[in-house]
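So the structure is just underneath, and the comments pick up after that.
The values are calculated or read from the model by the stated rules, or taken from the named source; none is laboratory data. In this text the structure is predicted, and so the values were computed from the model without any measurement. Cβ: placed from backbone, ideal geometry, glycine included. Neighbour counts: every protein chain shown. Accessible surface areas use protein heavy atoms only, side chains included; no ligands, DNA or RNA. Shrake-Rupley method; radii C 1.70, N 1.55, O 1.52, S 1.80 Å.
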Amino acid sequence: MPDTRPKLTASPRNLDALIVGAGFSGLYQLHCLRERLGLAVQVLEAATGVGGTWYWNRYPGARCDSESHSYNYTFSRELLNEWEWSERYPEQAEILRYLNFVADRLDLRRDIFFNTRVAAANYDEGANQWRVSTADGREFRATYLITAVGCLSTTNIPDIPGLKSFAGDCHHTGNWPHAGVDFSGKRVGMLGTGSTGIQAAPVIAQGAAHLTVFQRTPNYSIPAHNAPLTPEFKRWVRENQDEIRAVMHSTPNGHPFRISSRRALATSAPERQAIYEAAWAKGGLQFRATFHDLLVDKAANDTAAEFIRARIREVVKAPRTAAALSDIDHPFATKRPPIDSGYFETFNRDNVTLVNLRDEPLECILPEGIRTRAGTYALDTLVLATGFDAMTGPLLGLNLTGRGGLTLARAWREGPRTYLGLQVEGFPNLFTVTGPGSPSVLVNMPVAIEQHVEWITDCIAHLRRSSIRSIEPDPQAVQQWVEKVNDAANATLLPQAGHSWYLGTNVPGKPRVFMPYAGGMARYRGICAEVAGRGYEGFHLTPDPADAHKGGQLRQA
Ligand code: N01
């Protein structure tokens, strides 16, 4: 494999900033720090190319469930004008092409070290530097360390007895072989019916001899109705860029549509049914926006949940399978709602079987297949669509050690604690793009990413302008923010999912904490702007010793 590492032009030992990850976040952060602030900055990326999530998640059917015209950067008119999406929902390969286009257009590759996995990062208090070591033994030093590692990038491999003994091919969807997987003539088993499994099943079923879906928890899904974009729609997007961006910036979830102000229970049953039917026919996440109380009022939520269950029962012909698929016991959208292309229809195929693990729990994996309480299913290939150690997993995987030898694992042993999802107490000059405690995964990701990257860039500009040596959050501000994150979640039905990766309960031993900020992106953007406007309220700003006579440590709480 050719060495894609950039040549070291300046000493890497004294960089201004290091960024970990070359996905949506890392690419834009590099651009901002290099071009807007003129910093010496480099990116460390474990993969051989840019793309982050979209580099790794190459499973069959991988597609974004944000609509394509909202799933891109909006900071650059040139980028907007030069790129055109082909379908309503962009597929993985097209998103990867887009991110490569951006990397080329902004000349980003020259400052990215590919094939470079961070092994550990330690804050050296005396030098006020982050020392970052890589798996292949190199060391980098920088004043600012910015994690752009994504929220769903650490795969969750279930601890099922016998998994390693499986004799056939076994792949996790989040680490899919680049050459693809040939399913022809194969008996394929798939574990997992979240967004990923729901996207993968219809495509795998088309290529395999037989697909067996092992379902532990049934899930809602809305039809995507994906289709090529028409020339008229493309023209409309080109002509309305500012308006589309304004809508994305004003809504709680960063999508390019508004949430209705109607309440489900204040609407007559026939009218409500008609609204749901229209939204179902339109497809996509907009279904969630039909009524404004769906995520705050259980009775309102029940109306949407029952509508979807009825659609599943209508579509799926075998009554037992339909019952297993529609026996959903969490409120709608309290887990990330998938959207699909023919998921429920797939169970009408002769070569697809649903195994309901609630009726016949999984006992173990054997070399020849999966054994449940009811018997053994012979398989040639196993697909693990079992999700991620979300939000905290990618950060803990960096083995970060802050001031006084405090490890992130210790600081977060009872769950993540951040201020605004941007900084962690005890970890000066560390910034976490879309970290826990920020809206991130509850939002159309590029919108959340652009706001974080721009806030971090402005913050670093302020530190340098004001001769500030380091910034870290005040403990009180962290405590108050943690409470705000909890309150925001508790004001919704989201914690009522009982079990979800939002809560961390999908990973054994992980503290049960609702991790993202559920107060809405528009509100969050305002809070961050206010904090910055008040001189970074809630942060400790430590002046450079040379400037210490100007007032010692600045406490901005
Ligand atoms: O993961 P998940 P995902 N035995 O955690 C099951 C984003 N995303 O990769 O619920 C049997 O949602 C588990 O069952 P249960 C999106 O934000 C976006 O699907 O724990 N089953 C569940 O069914 C999404 O929410 C896009 O009982 C086991 C499944 O595995 C997030 O990624 C596309 C098991 C995991 O579901 C994660 O989605 C795809 C076991 N031992 C993903 N362990 C788009 O933008 C786990 N499961 C389109």
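Brief remarks follow.
- Extreme residue, surrounded by the fewest Cβ atoms within 10 Å (Cβ to Cβ), among residues of segment 382-436 that are outside any loop (DSSP other than H, G, I, E, B) and hydroxyl-bearing (Ser, Thr, Tyr): 407
- For beta carbons closer than 9 Å, sequence separation of 6+ or different chains, a first residue in segment 186-214 that is on the phi > 0 side of the Ramachandran plot and a second that is surrounded by fewer than 24 Cβ atoms within 10 Å (Cβ to Cβ) and among the basic types (Lys, Arg), the qualifying pairs are 192/216.
Per-residue answers, yes or no, for (1) more than 29 Å from residue 437 (Cα to Cα); (2) assigned by TED's automatic domain parsing to the domain that holds residue 23; (3) in contact with a Ser or Thr (Cβ under 7 Å, 6 or more places away or on another chain); (4) in a loop (DSSP other than H, G, I, E, B):
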residue	(1), (2), (3), (4)
73	no, yes, no, yes
81	yes, yes, no, no
95	no, yes, no, no
98	no, yes, no, no
104	yes, yes, no, no
115	yes, yes, yes, yes
141	no, yes, no, no
145	no, yes, no, no
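- Within segment 90-110, the set of residues being in contact (Cβ under 8 Å) with a residue 40 or more places away in the chain, within 19 Å of residue 40 (Cβ to Cβ) and open to solvent by 20 Å² or more (accessible area, probe 1.4 Å) comprises 106, 109, 110.
- Odd one out for residue 85, checked against (1) within 16 Å of the ligand (Cβ to nearest atom); (2) of a type in the set (A, V, I, L, M, F, W, C); (3) in a helix (DSSP H, G or I); (4) open to solvent by less than 20 Å² (accessible area, probe 1.4 Å): (3)
For (1) out of contact with any strand residue (DSSP E or B) (no Cβ under 7 Å at 6 or more places or on another chain); (2) within 12 Å of the ligand (Cβ to nearest atom), each residue gets a yes or a no:
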position: 316; (1), (2): yes, no
position: 319; (1), (2): yes, no
position: 322; (1), (2): yes, no
position: 329; (1), (2): yes, yes
position: 333; (1), (2): yes, yes
position: 339; (1), (2): no, yes
position: 344; (1), (2): yes, no
position: 353; (1), (2): no, no
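- Residue check, residue 167 open to solvent by less than 20 Å² (accessible area, probe 1.4 Å) and either over 24 Å from the mean Cα position of the chain (by Cα) or among the charged types (D, E, K, R) (or both): no
- Failed item, numbered, when residue 43 is tested on (1) modelled with pLDDT of 95 or more; (2) under 26 Å from residue 459 (Cα atoms); (3) open to solvent by 20 Å² or more (accessible area, probe 1.4 Å): (3)
- Subset of segment 321-367 that is among the β-branched types (Val, Ile, Thr) and in contact with a Gly (Cβ under 9 Å, 6 or more places away or on another chain) - its residue that is farthest from residue 492 (Cα to Cα): 365
- The residue that is farthest from residue 418 (Cα to Cα), counting only those in segment 445-495 that are of a type in the set (A, V, I, L, M, F, W, C) and not in a helix (DSSP H, G or I), is 493.
- Test: residue in segment 138-151 that is within 16 Å of the ligand (Cβ to nearest atom), more than 17 Å from residue 400 (Cα to Cα) and not charged (D, E, K, R): no
- Enumeration of residues in segment 27-70 that are in contact (Cβ under 8 Å) with a residue 24 or more places away in the chain, away from the ligand (no atom under 16 Å from the Cβ), part of a loop (DSSP other than H, G, I, E, B) and not aliphatic (A, V, I, L, M): 45, 48, 49
- Number of residues in segment 494-530 that are on the phi < 0 side of the Ramachandran plot, in contact (Cβ under 8 Å) with a residue 24 or more places away in the chain and in contact with a Pro (Cβ under 8 Å, 6 or more places away or on another chain): the value is 14.
- Subset of segment 213-226 that is open to solvent by less than 10 Å² (accessible area, probe 1.4 Å) and closer than 23 Å to residue 166 by Cα - its residue that is farthest from the ligand (Cβ to nearest atom): 213
- Count of segment 168-199 residues which are outside any strand (DSSP E or B) and within 9 Å of the ligand (Cβ to nearest atom): 10
- Unique residue being under 30 Å from residue 451 (Cβ atoms), of a type in the set (Gly, Ala, Ser) and in contact with a helix residue (DSSP H, G or I) (Cβ under 9 Å, 6 or more places away or on another chain) when the list is 299, 304, 269, 246: 304
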